[in-house]
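Here is the structure we will look at, set down as structure tokens.
The values are calculated or read from the model by the stated rules, or taken from the named source; none is laboratory data. Everything quoted here is computed from the prediction, not taken from an experiment. Heads up, the Cβs are rebuilt from the backbone with ideal geometry, glycines too, and the neighbour counts pull from every protein chain shown.
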Amino acid sequence: MAVRIRTASPQERKLSWWDKLYFPAILSGLAYTFGRLFKKPVTVQYPEEPIELGPEFRGRPVLVVENGKERCVACGLCARVCPPFAIHMQAAETDDPKERYPAIFEINMLRCIYCGLCEEVCPEEAIVMSPEYDFVFRSREEAIYTKDRLLVDKKDLEARLGWLRQMRNPQIGKRFRFRISNNIHSVKARHLVAEGEEIAG
Ligand code: SF4
Ligand code: SF4
């Protein structure tokens, strides 16, 4: 028995007498096309011309370096949340106040889908989506980005970090104040200190 599938409501198929003329629609399309002929082209001659991207663009994820050290405290949240299991890391202890750092941190760029979830969950703003989008690898081994290729100085990521700060839900840290005293090393806490908040020790 044939199954009839309705793809559009009958009303959608009804054309007015003006629609049925077609010429006005054709002429307006042609007018738009000719109008574009005399305007500056929007096409970018990539790769000869670089593409300017805003801070909202999600390029390859990188680790933020601040004062010569990675911000990462090796909590493992990013590895746990990463949908395609692209992150592999191993924590080690350090004498720094942050107590832990990632001895090994790798991202498999063949798996990464640039979703930005690692950046979203990171309590330290230690992993962020950089503006870098044009990179190549010629083997599977080359696609595994180790720490030496992941570490990027904070000053080169200011646009993204600033954008994240602006987009952050302003309620976070205010409604859940208990988290402030539980996480005194976090970047979030440092921002709150800068804004004059008292952080319990
Ligand atoms: S951007 Fe998404 S897929 Fe890529 S490493 Fe981060 S969480 Fe994983
Ligand atoms: S979530 Fe942030 S602090 Fe935690 S391991 Fe990942 S990069 Fe490091």
TODO: Search the range 67-92 for residues that are touching a residue at least 60 places away in the same chain (Cβ under 8 Å) and pair each with any residue that is near ligand 2 (Cβ under 8 Å from one of its atoms) when their beta-carbon atoms are under 6 Å apart and the residues are at least 6 apart or on different chains.
DONE: Glu70/Leu63; Arg71/Glu124; Arg71/Ala126; Val73/Glu124
Open item on the list: I'd like the full set of residues that are within 14 Å of ligand 1 (Cβ to nearest atom) and in contact with a His (Cβ under 8 Å, 6 or more places away or on another chain), limited to the range 63-82.
Closed with: Ala79
Open item on the list: Can you find a residue that is surrounded by 13 or more Cβ atoms within 10 Å (Cβ to Cβ), outside the structural domain of Pro84 (by TED's automatic domain parsing) and modelled with pLDDT of 80 or more anywhere in the range 107-130?
Closed with: no
